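Contents: one structure, followed by commentary.
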Amino acid sequence: MKITILGCGALGQLWLSRLYQQGHDVQGWLRVPQPFCAVNVIEPEGTSFNRNLPTNDPEHLAQSELLLVTLKAWQVSSAVSALLPRLNPRCAILLLHNGMGTQDELPANSQPILQGTTTHAARREGSTIIHVAGGTTHIGPTSPAAIHLSHLAEMLHQALPDVAWHNNIASANWRKLAVNCVINPLTALYDCRNGELQRYPEQIETLCREVSGVMEMEGYHTSCEGLRQYVMEVIQSTADNISSMLQDVRTQRHTEIDYITGYLLRRARSHGMILPENARLFELIKRKENEYERIGAGLP
Ligand code: KPL
């Protein structure tokens, strides 16, 4: 299959290496075009993939059957909008990022759009990508044109298992949003690995109560206790992880907070709800982010 991967960060390179090894015709797409992308991935069991793969070929893009978007949530709308006029109308777009709300920012279009989340952990160390731990990628349709694309889950599963197809992906996305609303801001504030959050059970329960209230209003049946248990399971299974938000804060990059807690707060507001603990964490992360971005921009 002809595939373009938009975003060649840790996750993008992982997909590039795996899809290439499955025999797919893949290219990367970089914001600043380069002749190739040096893909260098070390797998959890120690094997490595090291190869230059093609990038930014407009003809390849126009013929791609899948545009896999592995950018951070805040980069999605401008990058995808710029490529939309150059895609084949049947090219599926799969958005794989933390948080929700990016699709609402895209201009009206008739591409088949899929959304997903993944629990694969990968991080960059210099010019190498370390695939820290395997995980599951959940994908599903978010536009009517994408309802019949479940075969894509099988194709992706062959390359980087596990991949699960959900006809109702919004429900899976909300559960992942709950996990990210708890783990990401708390690890960034306490500067700790995911597992250390087991020390804050009351704060976790408060956050889960607020998220489950909004989920109920959005029509997704859940309970605070069910959500809390799920979040605790993820905290345990990713105990050694440095969350993506903590990595962003440590390297002074823009975080995905606007699409994680920010999205939750926007949905809560539309139902007339106030979420004091999530709002407090949102403000604290924004303050941190603004501080280093102001200093980075040379502002007083
Ligand atoms: O998605 C994650 C992230 O770090 O962004 C979790 C699930 C919290 C794993 O670290």
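With (1) part of a helix (DSSP H, G or I); (2) without any contact (Cβ under 8 Å) to a residue 12 or more places away in the chain as the list, and Gly262 as the residue in question, which single condition is left unmet?
(2)
Report, by residue number, each residue of segment 157-178 that is touching a helix residue (DSSP H, G or I) at 6+ places or on another chain (Cβ under 6 Å), open to solvent by 10 Å² or more (accessible area, probe 1.4 Å) and of a type in the set (A, V, I, L, M, F, W, C).
Correct list: Val163, Trp165.
Could you pull out the residue among Ile204, Ile295, Ile260, Ile274 that is in contact with a Gly (Cβ under 6 Å, 6 or more places away or on another chain) and among the β-branched types (Val, Ile, Thr)? Don't jump to the end; show me each part of the working.
Values: Ile204 fails: in contact with a Gly (Cβ under 6 Å, 6 or more places away or on another chain); Ile295 fails: in contact with a Gly (Cβ under 6 Å, 6 or more places away or on another chain); Ile274 fails: in contact with a Gly (Cβ under 6 Å, 6 or more places away or on another chain).
Criteria check complete, one pass: Ile260.
What is the one condition in (1) assigned to a loop (DSSP other than H, G, I, E, B); (2) under 14 Å from Val179 (Cα atoms); (3) among the basic types (Lys, Arg) that Arg228 does not satisfy?
Just one mismatch for Arg228, condition (1).
Here is a yes/no grid of residues against (1) over 26 Å from Ala82 (Cα atoms); (2) at pLDDT 95 or above:
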{"position": "Gly9", "(1), (2)": "no, no"}
{"position": "Gln21", "(1), (2)": "yes, yes"}
{"position": "Leu30", "(1), (2)": "no, yes"}
{"position": "Pro33", "(1), (2)": "no, no"}
{"position": "Val39", "(1), (2)": "no, yes"}
{"position": "Arg51", "(1), (2)": "yes, yes"}
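When you scan segment 158-177, do you find a residue that is within 12 Å of the ligand (Cβ to nearest atom), within 25 Å of Pro44 (Cβ to Cβ) and within 16 Å of the chain's Cα centre (by Cα), even just one?
yes
Residues of segment 103-126 being within 15 Å of the ligand (Cβ to nearest atom) and part of a loop (DSSP other than H, G, I, E, B), which ones? Step through it out loud before you land on a result.
So the first thing to find is which residues in segment 103-126 are within 15 Å of the ligand (Cβ to nearest atom), and the list is 115-124.
Thr119, His120 - these are the residues of segment 103-126 that are within 15 Å of the ligand (Cβ to nearest atom) and part of a loop (DSSP other than H, G, I, E, B).
If the Cβ limit is 7 Å and pairs must be 6+ apart or interchain, which residue in segment 103-131 that is open to solvent by 80 Å² or more (accessible area, probe 1.4 Å) pairs with which residue that is among the hydrophobic types (A, V, I, L, M, F, W, C) and assigned to a strand (DSSP E or B)?
Partner pairs satisfying both residue conditions: Arg123/Ile130; Arg123/Val132; Ser127/Ala38.
Rundown of residues vs (1) buried (at least 18 other Cβ atoms within 10 Å of the Cβ); (2) among the hydrophobic types (A, V, I, L, M, F, W, C), yes/no style:
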site: Leu16; (1), (2): yes, yes
site: Tyr20; (1), (2): yes, no
site: Gln27; (1), (2): yes, no
site: Leu30; (1), (2): no, yes
site: Pro33; (1), (2): no, no
site: Cys37; (1), (2): yes, yes
site: Ser48; (1), (2): no, no
site: Arg51; (1), (2): no, no
site: Asn56; (1), (2): yes, no
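Are any residues in segment 80-102 touching a helix residue (DSSP H, G or I) at 6+ places or on another chain (Cβ under 8 Å), of a type in the set (A, V, I, L, M, F, W, C) and more than 17 Å from Thr255 (Cβ to Cβ), and if so, which ones?
Leu83, Leu87, Ala92, Ile93, Leu94, Leu95, Leu96
Could you identify the single residue in Thr251, Thr222, Thr255, Thr206 that is away from the ligand (no atom under 12 Å from the Cβ) and closer than 27 Å to Leu71 by Cα? It would help to see each step written out before you state the result.
Working: Thr222 fails: closer than 27 Å to Leu71 by Cα; Thr255 fails: away from the ligand (no atom under 12 Å from the Cβ); Thr206 fails: closer than 27 Å to Leu71 by Cα.
Exactly one residue qualifies, and that residue is Thr251.
What about Gln203, is it open to solvent by 50 Å² or more (accessible area, probe 1.4 Å), out of contact with any His (no Cβ under 6 Å at 6 or more places or on another chain) and either in a helix (DSSP H, G or I) or closer than 21 Å to Gln75 by Cα (or both)?
Working: open to solvent by 50 Å² or more (accessible area, probe 1.4 Å): no; out of contact with any His (no Cβ under 6 Å at 6 or more places or on another chain): yes; either in a helix (DSSP H, G or I) or closer than 21 Å to Gln75 by Cα (or both): yes.
Judged against the criteria, Gln203 is not a match.
Each row is one residue, and each column tells you yes or no for (1) closer than 24 Å to Arg123 by Cα; (2) of a type in the set (A, V, I, L, M); (3) part of a helix (DSSP H, G or I); (4) open to solvent by less than 60 Å² (accessible area, probe 1.4 Å).
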{"site": "Glu233", "(1), (2), (3), (4)": "yes, no, yes, no"}
{"site": "Gln236", "(1), (2), (3), (4)": "yes, no, yes, no"}
{"site": "Ile242", "(1), (2), (3), (4)": "yes, yes, no, yes"}
{"site": "Met245", "(1), (2), (3), (4)": "yes, yes, yes, yes"}
{"site": "Asp258", "(1), (2), (3), (4)": "yes, no, no, yes"}
{"site": "Arg269", "(1), (2), (3), (4)": "no, no, yes, no"}
{"site": "Met273", "(1), (2), (3), (4)": "no, yes, no, yes"}
{"site": "Glu283", "(1), (2), (3), (4)": "no, no, yes, no"}
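The values are calculated or read from the model by the stated rules, or taken from the named source; none is laboratory data. Predicted model, so just to flag it, every value in this text is computed and none were measured. Don't worry about glycine lacking a Cβ; one is built from the backbone with ideal geometry, like all the others, and counts go over all protein chains shown. Just so you know, the surface numbers come from the protein's heavy atoms only, side chains and all, with ligands and any DNA or RNA stripped out. Shrake-Rupley method; radii C 1.70, N 1.55, O 1.52, S 1.80 Å.
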